[in-house]
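Engineer: Encoded as structure tokens, here's the structure I'll be asking about.
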Amino acid sequence: MITRIARTAGFSGLLAALLLTLLQSFWVAPLILQAETYESAAPAAGHHAEGEAVAAHEHEHSAEAWEPEDGWQRVLSTTGGNLVVAVGFALILAALYSLRAPGRVSSGAWWGLAGFAVFCLAPTLGLPPELPGTAAADLGLRQNWWVGTAAATAVGLALLVFARHWLLKVLGAVLLAIPHVIGAPQPEVHESLAPAALETQFKIASWLTNAAFWLALGLLSAWLYRRSSDA
Amino acid sequence: MPISTAKHSIATPATLSQRLMVAIGASVLGLSLVYFAGFSHIEAVHNAAHDTRHSAAFPCH
């Protein structure tokens with residue numbers, strides 16, 4: 001069973017990561033690069049506290065730690081990042097399949113959509129995908145809210161879909177709503193170095209690439225899991 | 001008991017608790033991979049996976 005999970009996760013993660021990288025290189029990465037031109041061009045004095053803090057923070061980063069150079073290095077390290085994240089998500093899917101095997105390849109699509117809802121849609125309702133140079137609340141607070149939202153959405157969805165008793169289904173719906181009632185940590189001042197149009201374009205690009213990635217990951221993992229023998 | 005069934009039960013952890021352990025282990029491993037690439041505060045890791053984080057809408061910076 002362990003080899004079956006590992007094989008499923010490894011191959012489906014690899015393939016989905018390649019698809020994600022392809023979509024990113026053509027659509028998402030150009031928007032990030034464009035946003036970074038505003039970021040590096042921004043005069044530090046002309047901006048409000050948060051924006052300035054973000055920009056200054058970034059400059060500290062580049063001075064101290066290694067970062068990939070633009071071009072093939074950056075594409076390669078992004079591919080690596082995608083690969084790690086995709087195999088991680090695929091491991092979770094394969095683990096779920098080992099408890100509840102997908103009856104058809106197409107049921108993988110539902111698992112993929114659930115993954116998209118848990119790890120992308122629900123968190124971005126409170127913390128939309130942001131371009132570099134966007135003002136945001138404290139990183140630790142946002143990460144905590146993100147993790148809490150993903151966890152609550154996962155449990156909520158599971159209860160809604162699998163629970164038999166109506167009371168549990170109601171509990172699931174409540175769990176889905178709670179993070180958004182609490183609300184994501186917001187910056188004191190909303191501002192962005194990049195123009196709003198670019199921001200909107202980036203949000204759409206991010207949502208659609210993630211949806212495509214999850215759909216592909218769900219289908220691929222279900223297909224590979226069903227192909228792979230239980231040995 | 002047919003031989004094939006016996007084989008099957010040797011190859012597959014049959015009990016529910018064993019299956020749960022494997023599933024939980026794989027999920028924890030998966031989550032830590034996602035955490036490492038998407039949430040770790042190590043600068044070099046952050047810079048390398050920077051575009052992945054922004055694209056996946058993980059909180060970044």
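The values are calculated or read from the model by the stated rules, or taken from the named source; none is laboratory data. These numbers come from a predicted model, not from an experiment. Note that each Cβ is placed from the backbone with ideal geometry, even for glycine, and that neighbours are counted across all protein chains shown.
Engineer: Taking A:R142 as meeting all but one of (1) touching a helix residue (DSSP H, G or I) at 6+ places or on another chain (Cβ under 8 Å); (2) crowded, with 21+ Cβ neighbours inside 10 Å, write down the number of the exception.
Structural biologist: That leaves (1) as the condition not met.
Engineer: A further question follows. Going through A:A163, A:A152, A:A135, A:A158 one at a time, which residue ends up being small (G, A, S), free of Cβ contacts under 8 Å to residues at least 40 places away in the same chain and crowded, with 20+ Cβ neighbours inside 10 Å?
Structural biologist: So the residue among A:A163, A:A152, A:A135, A:A158 that is small (G, A, S), free of Cβ contacts under 8 Å to residues at least 40 places away in the same chain and crowded, with 20+ Cβ neighbours inside 10 Å is A:A152.
Engineer: Taking the condition of being of a type outside the set (A, V, I, L, M), within 10 Å of chain B (Cβ to nearest Cβ) and more than 22 Å from A:W207 (Cβ to Cβ), how many residues in the range A:9-44 meet it?
Structural biologist: 0
Engineer: Count, please, the residues in the range A:174-220 that happen to be small (G, A, S) and farther than 30 Å from A:I5 by Cα.
Structural biologist: Selection size over the range A:174-220: 8.
Engineer: Any chance the range A:98-120 includes a residue that's among the small types (G, A, S), assigned to a helix (DSSP H, G or I) and free of Cβ contacts under 8 Å to residues at least 24 places away in the same chain?
Structural biologist: no
Engineer: Moving on. Among the numbered conditions (1) within 19 Å of the chain's Cα centre (by Cα); (2) over 22 Å from A:L127 (Cβ atoms); (3) without any contact (Cβ under 8 Å) to a residue 12 or more places away in the chain, tell me where A:L220 comes up short.
Structural biologist: Only one criterion is unmet by A:L220, namely (3).
Engineer: Take the residues in the range B:32-57 that are more than 7 Å from every other protein chain (Cβ to nearest Cβ) and among the hydrophobic types (A, V, I, L, M, F, W, C); name whichever of them is surrounded by the most Cβ atoms within 10 Å (Cβ to Cβ).
Structural biologist: That would be B:V45.
Engineer: A further question on this structure: Out of A:V118, A:V75, A:V85, I need the residue that is at pLDDT 90 or above, at the interface with another protein chain (Cβ under 9 Å from one of its Cβ atoms) and crowded, with 22+ Cβ neighbours inside 10 Å. Which one?
Structural biologist: When all the criteria are applied, what remains is A:V85.
Engineer: Counting just the residues of the range A:97-111 that are out of contact with any Ser or Thr (no Cβ under 8 Å at 6 or more places or on another chain) and crowded, with 21+ Cβ neighbours inside 10 Å, which one comes out farthest from A:I204 (Cα to Cα)?
Structural biologist: We begin by selecting, within the range A:97-111, every residue out of contact with any Ser or Thr (no Cβ under 8 Å at 6 or more places or on another chain); these are A:98-107, A:109-110.
Going one step further and asking which of them are crowded, with 21+ Cβ neighbours inside 10 Å, we end up with A:98, A:102.
Details: A:S98: 34, A:P102: 30 Å.
Selected residue: A:S98.
Engineer: Could you grab me the full set of residues in the range A:179-197 that are surrounded by fewer than 16 Cβ atoms within 10 Å (Cβ to Cβ) and under 20 Å from the mean Cα position of the chain (by Cα)?
Structural biologist: A:H180, A:G183, A:Q186 - these are the residues of the range A:179-197 that are surrounded by fewer than 16 Cβ atoms within 10 Å (Cβ to Cβ) and under 20 Å from the mean Cα position of the chain (by Cα).
Engineer: How many residues, within the range A:121-161, are assigned to a helix (DSSP H, G or I), under 21 Å from A:A196 (Cα atoms) and at the interface with another protein chain (Cβ under 9 Å from one of its Cβ atoms)?
Structural biologist: Residues flagged as assigned to a helix (DSSP H, G or I), under 21 Å from A:A196 (Cα atoms) and at the interface with another protein chain (Cβ under 9 Å from one of its Cβ atoms) within the range A:121-161 amount to 2.
Engineer: Let me ask another. Of A:E64, A:E52, A:E69, which residue is surrounded by fewer than 22 Cβ atoms within 10 Å (Cβ to Cβ), at pLDDT below 85, more than 7 Å from chain B (Cβ to nearest Cβ) and over 18 Å from the mean Cα position of the chain (by Cα)?
Structural biologist: A:E52
Engineer: A follow-up question, please. Is it fair to say A:L176 is modelled with pLDDT under 95 and outside any loop (DSSP other than H, G, I, E, B)? Please lay out each step first, then the result.
Structural biologist: On the way: modelled with pLDDT under 95: no; outside any loop (DSSP other than H, G, I, E, B): yes.
It is false that A:L176 is modelled with pLDDT under 95 and outside any loop (DSSP other than H, G, I, E, B).
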